[in-house]
1. Note down the net charge around Phe270, summing +1 for each Lys or Arg and -1 for each Asp or Glu among other residues with Cβ under 12 Å from its Cβ.
2. Using a 10 Å cut-off on Cβ atoms, rank the peptides 531-542, 451-462, 614-625, 598-609 from the highest mean neighbour count down.
3. Calculate one ³J(HN,Hα) per residue across the range 130-141 by plugging θ = phi - 60° into the Karplus curve 6.51 cos²θ - 1.76 cosθ + 1.60, and present them in order as whole Hz with x for glycine and proline.
4. May I ask which residue of Leu473, Leu7, Gly420 lies farthest towards the positive end of the charge dipole of the chain, with charges of +1 (Lys, Arg) and -1 (Asp, Glu) on Cβ and the Cα centre as origin?
5. Enumerate the lysines that Lys424 could reach by cross-link, defined here as Cα to Cα under 29 Å, with residues fewer than 8 away along the same chain left out.
6. Based on the mean of other beta carbon atoms within 10 Å per residue, what is the order of 582-592, 566-576, most packed first?
7. So how do Arg300, Arg344 rank on accessible area, 1.4 Å probe, biggest first, that is with the largest at the start?
8. Indicate, rounded to the nearest 5 percent, the antiparallel portion of the DSSP beta bridges found entirely in the chain.
Amino acid sequence: MSNNPALPWYHKTYRWGQTNITEIDPTRYDIDWWRDYWQRTRVQGVIINAGGIVAYYPSRYPLHYRAQYLNDRDLFGELTRAAHEDGLTVLARMDSNRTTAQFFQEHTDWFTRDRDGKPYQAGEHYITCINSNYYTTFLPDVLREIIVNYHPEGFTDNSWSGLDRARICYCYNCERKFYEATGHDLPTGVDWEDVAYRAWIRWNYDCRLVLWDQNNAITQAVGGPECLWLGMNSGNLQHQSQRFRDMKAICERSEIVLLDYQTRGGDTDFYNNGDAGKLVHSLVGWDKLVPESMAQYQSRTPTFRLASKPGPEVHLWMAEGYAGGIQPWWHFISAYHEDRRQYRTPESSLRWHEGHEQYLINRRPLASVGVLWSQENIDFYGRDNAHERVMLPYNGIVRALIRSRIPYLPIHADHIVRDGADFKTLILPNLAAISDGQVQALRAFVAQGGNLVATGESTLYTEWGDRRPDFALADLLGVEATGNSEGSISAGPANQESYEKHSYLRLDPEQRATVDGPHSDDEPMVMGERHAVLRGFGETDILPFGGRLELVEPARDVEIPLTWIPPFPIFPPELAWMRRQSTDSPALTLREAGKGGRVAYFAADIDRCYARYNLPDHGDLLANVVRWATGEEMPLYVEGNGLIDCHLYHQPGRVILHLVNLTAAGQMPVEAYVPVGPLRVTLKLPPDVTGTQAQLLVDSYAIATAIEKGWVQCEVPSVRDHEVVVIS
Ligand SMILES: [Zn+2]
């Protein structure tokens, strides 16, 4: 731990370990071996299963179900004593959302109910209601018992937030409390137009925050002000929304954020981990810690709880975490393994972390581009299809920025006033649901010289997801909404007989790109310089599209470098000819606003398309537009082959550049790295950094620098999984 004993544990426990105890483990938990492993992996804190669904200590509460093989053993107590003797922080892990049938029989009014009054179950267990006395009486008693007997530094809870959004609880407590809070009866089902359903969504968020505060009041009253209760949170905002966890409000009330975001898979890619770290830090602050549970077992698609995950797959996830300011936390399921390869996986990574921890915490990001988000957009605009409506556009923008090595930060839409001055450009990736206050903040940002890039339906809805008559920023964007669109946001049919996705974009309709190639009589022959946003497309007049187009009426002062070409048949090949060469429908508009600020609006959902198709043309186009909007204000340029996720930070007297090599990410899982290099780095020096020294933290040697007019250049010869360059 940090040498300063005066610091509370949550400011100095940088590396964590968790052996998630299964019910049979009390018969075979080799505490001495694990103590040695804690030391080998340099962890400073451990998460130990205490109670909830399964108790690993002899609780005085008969309904607190004990692990099947616990017998008379006090495994939680033994482990807590051992960890404390070794100087480690202990978080007691709770898992509190369901109970046995016996518990249900004794307190039938503490449980969730469907509309017919039938209890919601998960397998043989019964799901408790967060508005019942299970959370206000039973669990508080358990928390107090654990604190008094074992003195853990704090608590964490894996599944603290109760029933998720997919199911409405109709228990008596919910009925009464919802009516008292909102004046509505419980909604009868999912209906986003129903005021009661909307109120129910908001109220559910509030209930989780009440629970958070209530648990903290209990643990801190009994265990002291540092005895925090910390529910676990996902780094995936859509998952947070499905569980009514308000990321911003939770971060505002917490001294540390524990992420349960263990791996890539499903709709999560490596880069999402770095993005999550930056997003959480932008809420909780950069001086606080954000440890994250990282699976060492084969998690997700498919899951094998007892098998080792390939080491490179784990290490790239961990490297992305470090780049985003996340602290490591190895996680095993069970205390006994026949596949012991997983023990080796985290050791090198955590030892490296220990050796360089001073560079990995307490730093400020350097970025000129902010990407806006809000959970309201996910809930009230995304509704039942947040993945396609909100998450794909966000991910498409972020991927394009990463691929082009443009440093960015995720920014909450409520923080435009607070943080806007740090950025040259703000991006709205289909930020459709937006409040009047957020709109005013964007106007002020542009009035002060800021640049905007907006896509799709951005600003076209209120914060409740009601469609506005026009874009709230119609005048700034230079387009009016018509209420019509072409194409769809869905993945579309796989079969080639259907061609709704076979649409294109026409580049600069007035000009042909090159004279090379055959000519048709009715095409323009004018040659000339194309707009900067079309850089790199000199040999083509069209780009593939395949997405949804918002039909807009452009203002007179906008430039239209791209227009839409309607779909035409794919199959058979004889029919695959363009029926209409062009339309007047803009796919992209550009204009100037404010004090020389630049505003770009994508009517074509290139962001969503890029997330879905990964076509280089879409990524290049997005990056070109962001570069055009931002001008010559990028703090970083990195040249060289490979998919490199660059994260740039500042500490007094030095800058820290993470280069995460995601070139191998096409393998799923990654079983072998694809080294890249050399990478030529050019970055703008902050006033307090001389740039005379550059040190590599992974390959451990110094490299030469060249300084010119406030910029420094250096060359990183090779990057295997990741590299960190410190320039001072
Ligand atoms: Zn209920």
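1. Values: positive: Arg264, Arg399; negative: Asp269, Asp275, Glu313, Glu320, Asp645, Asp721.
Summing Lys/Arg as +1 and Asp/Glu as -1 gives -4.
2. Working: 531-542: 16.1, 451-462: 25.2, 614-625: 21.5, 598-609: 27.7.
Ranking, from highest mean packing down: 598-609, 451-462, 614-625, 531-542.
3. Per-residue couplings from phi come out as 5, 9, 9, 5, 4, 8, 9, 10, 5, 4, x, 4 Hz.
4. Leu7
5. Straight-distance partners of Lys424: Lys248, Lys278, Lys288, Lys595, Lys684, Lys709.
6. Numbers: 582-592: 20.3, 566-576: 13.1.
Sorting 582-592, 566-576 by mean packing, highest first, produces 582-592, 566-576.
7. Details: Arg300 80, Arg344 180 Å².
If we order Arg300, Arg344 from most to least accessible, we get Arg344, Arg300.
8. On the way: 69 of 117 bridges.
If I count the DSSP bridges inside the chain, around 60 percent turn out antiparallel.
The values are calculated or read from the model by the stated rules, or taken from the named source; none is laboratory data. All of these numbers come straight from a predicted model, not from anything done at the bench. Cβ coordinates were reconstructed from backbone atoms using ideal geometry, including for glycine residues, and neighbour counts include every protein chain displayed. SASA here: full protein model, heavy atoms, side chains in, ligands and nucleic acids out. Shrake-Rupley method; radii C 1.70, N 1.55, O 1.52, S 1.80 Å.
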